[in-house]
Each structure stands twice: as structure tokens, then as C-alpha cells.
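Only one structure is covered here, and it is reproduced in the block below.
Quick note: the coordinates plus some simple rules give every number you see, no bench work behind them. Fair warning: this is a prediction, and the values are worked out from it, not measured in the lab. Glycine also receives a Cβ, built like all others from the backbone with ideal geometry; neighbour counts cover every protein chain displayed.
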Amino acid sequence: MKITKLSRRQTQIIIITTGLLLFLITIVYSVKTDIKAVARQMDETLKYVKEQCYIYNRYNEASQTKGLIRAIENAQQVNRNLTYTKDEVTKDKLKTYAEEQKLTGIIILDVNGKVKCEYSTDNLNSRALQNEIQKKTVLDVVAYPRKTYAASIVLEDGSQVDLAAYGRSDEKGIIITFYHTTAEYARNYNLTIQSLFSGYDTYSSGMIVVTDGKNVVASNDENLIGLSSEGINIIQQVKQKPANKLVRVSDRKCRYIGRMTKGRDYYVYMFIDEQMAFASVFKNLLVVLLLYIFVVASVFAFRRRSNAQLLKIQMMQEEAYKQKLLQEAQRADMANNAKTEFLQRMSHDIRTPINGIRGMIEVADYYKDDLKKQDECRRKIWDASGYLLELINEVLDMSKLESEEIVLENKDFDINRLLHEIREVIEKQVYERGISLSEKEYNLEYRYLNGSPVHLKRILMNIISNAVKYNKEKGEILLSYYETQADDRHILFEFHCKDTGVGMSKEFQNHIFEPFTQETGGARSVYGGTGLGMPITKKLIEKMGGTIKFESEKNVGTTFMVQLPFLISADMKQAESQEDDVSIEGMRILLAEDNELNMEIAEFLLTNAGAEIIKASNGKEAVEAFEKSGVGEINVILMDIMMPVMDGLEATREIRTMNRSDASAVAIIAMTANAFAEDKSKALKAGMDEYLTKPLESEKLIRALSRFFMRYRKDMIKRIIPKERGIRMNIVFSSDKKEYNTIKKGTEILLAENDGFNQNI
């Protein structure tokens with residue numbers, strides 16, 4: 001009895017001690033985790049608000065400058081009109097000038113600053129502007145005719161006046177022109193920092209405050225706007241600490257976690273309610289408490305049950321808990337990946353091929369009775385959709401470009417074909433704009449190169465698309481292609497794009513390769529865009545070891561010059577010449593595909609080419625079908641990757657390990673929608689011979705099957721036909737499908753073979 005009581009006490013001590021440690025660890029871990037989460041949230045929010053404050057200031061400053069320049073130009077125009085007409089200045093004449101130039105009003109002053117004549121479309125006149133037009137700087141324009149005065153004035157009602165003063169040329173005097181913008185329009189027209197906080201709830205997102213050093217200019221708590229920052233206790237508490245440091249502050253309402261950062265013109269503060277910041281602590285404690293109760297109950301149940309039964313229950317509980325943790329980890333990874341894969345600014349790049357596809361559909365509808373035109377439209381739609389598919393794969397890597405994580409391809413390609421594909425995509429856009437597109441002969445000597453064709457196409461499409469977008473109506477574009485051989489293995493490819501478009505100002509030319517920069521006015525304002533096209537192009541060119549230059553003149557046009565190095569590929573030319581005569585007539589193909597529509601498409605393409613199809617709806621069925629077939633009966637296996645029951649990778653490994661002569665010889669080709677490089681690597685490691693991505697292109701599919709069909713026949717002949725008793729056989733392969741002959745004629749061989757294909761061999 002004494003031993004039993006002692007054992008129970010020890011158990012109780014262990015349970016209590018474990019519970020206390022568990023609660024302590026949970027609290028410490030939860031607090032640290034929450035502090036990190038709060039710091040991360042504040043970092044992201046403060047950085048965003050800081051950047052947006054800077055951007056909004058630049059925008060408003062630019063808008064204000066534009067209004068003043070307009071007022072100055074109008075004042076100069078009025079002076080020219082007065083000098084030219086030499087008539088007496090009247091109110092009717094000023095009314096005419098104001099209407100022509102869409103001015104609010106014009107005021108004519110004499111040499112002493114007295115009003116001689118004026119006109120205004122509203123109640124704003126010289127009396128309302130008396131203080132402004134009588135300034136010494138305004139009156140000085142009489143003594144200094146080349147001097148111009150301009151100012152933006154905010155009136156008491158919140159309206160805005162853009163005013164300019166200019167000296168008269170016909171006589172001594174001053175011309176004043178002005179625009180009057182109502183308070184409501186001014187508020188809507190000018191961006192405000194306050195517009196940043198429309199989606200930020202003060203509790204869940206935290207309280208955000210922007211000050212100019214003295215007063216609150218913006219906040220998601222509208223009650224604080226306009227207040228002095230010195231009167232807000234929590235702001236003063238944060239100001240006493242170093243910038244960007246987390247600080248615990250409090251007021252009469254509650255306690256906060258606060259942080260401050262300084263921008264160019266503003267101080268940005270953020271406060272998160274402590275209860276909100278540490279909400280997970282209480283949740284985690286509740287979870288731990290429930291888990292603790294469950295464990296204690298299990299311990300006491302263990303004392304009432306047999307060791308074997310308890311062990312079984314414990315194992316089941318541990319497995320369930322592991323699965324739960326695994327699921328939570330998977331969900332966390334998925335959420336993190338979704339955040340990093342969020343892509344912006346895709347509209348500019350996707351519209352071109354989509355426009356081509358839609359345009360060709362319209363053309364096809366118009367020429368619905370013209371079979372030749374229908375075939376042409378289908379071909380162009382196919383090319384455009386192919387480019388769109390490439391763009392989708394490429395756009396996933398764009399975020400890696402800025403982080404220097406982009407991976408360039410080392411792939412053989414036909415540059416003439418690539419240039420033709422670009423021309424097909426751009427033709428619809430050129431046609432709609434009424435632009436003339438011409439090219440110098442681009443049948444280059446070295447067609448077959450090695451490099452990154454996807455990124456080369458991206459570079460050329462960006463430049464040509466801009467030439468179309470920013471061109472004038474009925475303008476011209478001239479494309480030129482050159483090549484310079486550096487040595488036996490390398491060439492330097494040069495591309496020129498010359499347009500007769502709107503051109504670029506000298507100022508904008510200095511910033512063209514900076515992200516998010518666009519020139520205001522003209523076509524660039526009309527067409528918009530993200531301002532990322534040329535920065536991305538430049539980074540890609542530099543990544544590929546090339547250079548980009550340009551020449552541009554405002555309202556004349558722009559010429560871009562790109563140089564890129566490439567390897568000369570002889571293998572591709574040789575491979576293509578070998579594939580000129582392709583056929584899969586009589587081929588037996590095992591097709592493993594779980595999607596009915598994809599199965600139907602593949603079956604149509606293959607049977608139409610003369611092949612015989614054996615269908616399997618998953619990897620297990622494919623393995624069983626190959627296992628049941630005779631040796632050499634199945635020539636090629638087309639294997640989807642993602643399938644139920646057994647995926648394509650596992651099925652490939654099963655087939656390759658079978659104890660039969662054709663298990664290693666049969667060609668297994670991946671046919672999948674997974675287009676990433678890592679997916680291709682996994683497929684090849686599993687034992688696959690080729691990797692084709694969906695959507696399927698019949699030409700590529702037939703060529704791949706034909707190539708592997710020939711290889712398979714050669715391999716099987718070597719395995720099937722033995723060399724015995726001095727009979728020497730020389731296998732000769734030819735292109736007319738008589739696959740082999742024997743040197744010695746008249747040799748009689750007894751062939752025991754139940755498979756018709758192997759008998760023919």
C-alpha cells in the first residue's frame with residue numbers, strides 16, 4: 001500500500017510540474033511569436049504608408065506645377081494677341097481671349113498696378129485677388145519684361161487659384177491670367193494622404209497617424225485629424241524613443257504597442273491594441289489547457305486499462321496529432337506561397353496576344369466562307385495562344401528578376417521562327433492603329449542558336465509593342481536584324497527598332513529604365529501601363545550579357561538598339577534534318593491520361609497519324625497494361641504525371657524495374673501540364689525519356705514519337721536477334737522504313753514469335 005501511494009504522488013507531481021512548464025513555455029513562445037508578428041505587420045504598413053506619402057507628394061507637386069505652367073503660357077498668349085491686334089483693350093476682347101484659352105479670368109493692370117480692364121467667368125475678380133496681384137513681385141514684371149510671376153493660391157473657402165503675371169509688349173502694363181478651381185473639385189482632383197487609410201480598421205489593422213511634425217494630417221481614426229501632435233499622449237511617448245523601435249504606451253482608454261518612422265516630410269506612427277497584439281496568447285493557453293486535460297485524462301485512463309490497450313490508443317492519438325500538425329504546416333506553406341506568387345502589372349503584357357486571338361476570331365467570322373482565310377486565322381490564333389502560354393510561365397519568374405533569382409535557359413532554338421512568331425502576334429495591333437510595319441530581310445545565316453528564347457522574345461516584344469503603342473496615327477515602324485560572328489561558336493545578334501512615334505523628352509530619357517516612371521502627356525498618358533516594361537527589358541538584357549541603347553527626339557520618333565551574344569547550335573539543325581521524314585504509322589502507344597477531354601484530344605491526334613492506342617486512366621492501369629502485353633507489343637508510353645491511384649512518376653519507376661527485355665527499352669514520354677524546370681527534372685530522374693507540356697502541339701508530339709519509335713526498334717532488334725553459330729548479321733537502317741536487311745542472303749532462320757510486330761522485325 002505504501003508503494004502505491006508513493007507512486008500516485010509521484011505521478012501527481014509529474015503532472016503538475018509538466019503542466020506548469022507547458023503553460024510557461026506556451027506563454028513565452030506565444031509572446032515572442034506575437035511580438036515578431038506585430039513587428040512584421042508594422043514594418044510592412046509603415047513602409048507602405050511612408051512610400052505612398054512620398055509618391056502622393058510628388059504627384060500633387062507635379063499637378064500644381066502643370067497648372068502654373070498652363071497659366072503662364074496663357075498669359076504669354078494674351079500678350080501676343082494684344083501685340084498683334086494693337087486694338088484698345090476691352091472687356092469683350094478679354095472675354096474672347098478667356099473663352100479661347102478656357103481661362104476663368106483676365107486682369108489688365110497699368111504700370112502702377114491699377115486695374116485698367118478685367119473679365120471673369122465667376123465672382124472671382126481683382127478685388128478678391130487684391131492682396132496677391134499687388135505684390136511687389138507681380139509689379140516687377142513691368143520693369144523686367146522677361147520676368148514671369150506664377151503662384152497657386154488656396155482661398156478661405158478651400159478653392160484654388162492658379163495665377164500668372166506677364167509684362168505687356170505693346171505698352172507698359174501687366175497681364176494677369178488665372179484659373180479658379182472649386183473646393184470640391186480641388187479635393188477630388190488632388191490626391192490626399194488620407195485616402196491611404198480607407199481599408200485600415202483601427203482595431204484589426206492598428207491605428208495609423210501621419211503628422212507634419214506639429215499637426216495630424218491623416219489617420220484612419222478621423223477624430224485625430226487636425227489635432228496637434230503635442231496634445232496626443234501616446235505620440236509623445238513614442239517620440240521619446242528611437243525611431244523604428246517597438247514601444248509600450250498607454251492612454252486613458254487602453255494600452256498599445258507603438259512604433260514611429262520618419263519620411264521626407266512626415267512622421268508616421270502606428271499603434272496596435274495590446275489585447276489584439278497578444279490575442280494568440282490566450283488562444284494558445286486555451287488549446288494547451290485542453291490538451292493538458294486530455295493528457296491527464298489519458299494518464300488516469302492508462303491506470304485503469306491494460307498496457308497493450310493504452311499503447312494502442314496512445315499511438316492512434318500521436319498519429320492523429322502528427323497529421324494535424326502536418327496539415328497545418330501544409331496550409332501555412334500554401335498561404336506563404338500564395339502571397340509570394342501574387343503578381344501585379346500583367347495587363348500590359350497579356351493584352352497583346354489576347355488582342356491577336358480576339359481579332360483573328362473577328363476576321364474569321366467576317367470571312368466565314370473563305371476556307372483559306374479561316375486556315376490563316378486558325379494558324380495565327382494558335383501562334384498567339386502559344387505566346388500567351390509562354391508569357392504565363394515567364395511572368396511567374398518576373399518577381400525573381402528583381403531579387404536576382406531569375407534562371408535563364410540554355411536551349412536550342414530557331415531565331416527565324418522566333419522572329420516570325422513575334423510578327424504574327426504584333427500584326428493585329430499594328431493593323432488597328434493603321435501603322436506601317438516593315439522589316440529588313442532577316443533570313444540570318446545562323447538560324448539555330450543556343451540561349452534563352454523565352455526571354456529574347458520577351459525583350460523584342462516589349463520594345464516592338466512600345467513602338468506600336470506610342471506611335472502616331474499612320475506612323476511607321478522599321479525592324480532590322482543583324483548578326484556578327486565572333487568566333488566558331490559565338491555570334492552577336494543585333495536588333496534595331498525605329499519608329500515615328502511621340503518620342504521622349506530629354507528629361508524622361510534619363511529615367512526611362514527606372515521602375516514606375518512614365519512621361520506625362522501625349523500617348524504615354526493615354527495608354528497608361530505599369531512603367532515596368534523597359535526596366536524589366538534592360539535587366540533581362542544585362543542578365544543575358546547584352547547591351548541596350550536608344551536615340552529619341554520629341555515628336556519625331558525613337559530608335560532602340562539591342563545587342564545579345566548567343567552560341568551557334570549545330571545539333572538542332574542536324575536533329576531537324578533527321579526529322580524531315582516522320583511517321584508513327586503502325587505504332588502501338590500506351591496512353592495514360594485521367595482527364596477524359598485530354599484523352600480524347602490525344603487519341604484523335606495519334607489515331608489520325610496512324611497509331612494504335614491502348615488507353616489507361618491512371619498509373620496503376622498503365623503498369624498493368626504493360627505487364628500484360630507481350631514483349632515489344634507496346635512501342636511508346638505517353639504518361640501523364642498527375643493521376644489518381646498511382647501517379648506517372650511512380651508508374652514509370654514500376655515499369656523500368658520489371659524483369660523483361662523491353663522494360664528499359666520502351667520509350668516513356670511525359671505528357672503533362674506541369675511546365676516548371678523542377679517538374680521536368682523529377683520526370684527524367686524517374687526514368688522518362690522526354691517531357692512534353694500541355695497544351696499539346698501535334699507536330700512536336702509526332703516528331704517526338706517518331707524519333708523514339710526509331711530508337712526503340714533499333715534497341716529491340718539488338719536484343720531480339722542473337723548472334724549464334726557463326727551467323728553474323730549486319731543491321732542496316734534506312735529512311736524508307738525498311739528498317740533492316742541481312743548481309744547474307746539465303747540464310748534460313750526458324751523464328752518462334754507470337755507477336756506480329758516482332759515477327760515483322
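Descriptive notes on the structure:
- Efficiency of FRET between SER661 and PHE513 - r from beta-carbon atoms, R0 51 angstrom, step 0.05: 0.25
- Spin-label pair LEU325/LEU22, simplified geometry with 7 Å Cα→Cβ offset, distance in nm: 1.4 nm
- Residues PHE550, PHE560, sorted so that the one with the fewest Cβ neighbours within 10 Å comes first: PHE550, PHE560
- Placing unit charges on the Cβ atoms of the charged side chains and taking the dipole of segment 582-720 about its Cα centre, the candidate lying farthest along the positive direction among ALA683, ILE601, PRO644 is ALA683.
- What you get for segment 582-720, charging only the Cβ of Lys and Arg (+1) and of Asp and Glu (-1), is a dipole of about 760 debye around the Cα centre.
- Ranking of ILE175, ILE16, ILE107, ILE548 by count of other Cβ atoms within 10 Å, fewest first: ILE16, ILE548, ILE107, ILE175
- Residues TYR481, TYR269, TYR321 arranged by fewest to most Cβ contacts within 10 Å: TYR321, TYR481, TYR269
- Length available on full extension from ILE35 to ILE225: 0.36 nm per residue minus the Cα-Cα distance, which gives 65.6 nm.
- Taking Cα centre as origin and charging only the Cβ of basic (Lys, Arg, +1) and acidic (Asp, Glu, -1) residues, the dipole magnitude of segment 26-161 rounds to 400 debye.
- Label-point gap, in nm, between GLN236 and THR90 - each point 7 angstrom along Cα→Cβ: 6.7 nm
- Length gained on full extension, LYS373 to THR559, computed as 0.36 nm times the residue gap minus the Cα-Cα distance: 63.5 nm.
- If R0 is taken as 22 Å, the Cβ-Cβ distance between ALA151 and ARG264 corresponds to a FRET efficiency of 0.40.
- Modelled spin-label separation between GLU171 and SER480, with each label point placed 7 Å from Cα along the Cα-to-Cβ direction: 5.9 nm.
- Alpha-carbon Debye profile of segment 459-505, log10 I(q)/I(0) at 0.20, 0.23 Å⁻¹: -0.69, -0.80
- What separates the Cα centres of segment 204-256 and segment 272-301 is a distance of 33 Å.
- Positive-end ranking of THR137, ILE107, ASN123 along the dipole of segment 78-147, with charges on Cβ about the Cα centre, is headed by THR137.
- Note on segment 532-670: semi-axes of the ellipsoid equivalent to its C-alpha gyration tensor, largest first and rounded to whole Å, are 47, 19, 17.
- Here r is the Cβ-Cβ distance between SER436 and VAL287 and R0 is 45 Å; the resulting FRET efficiency, rounded to 0.05, is 0.05.
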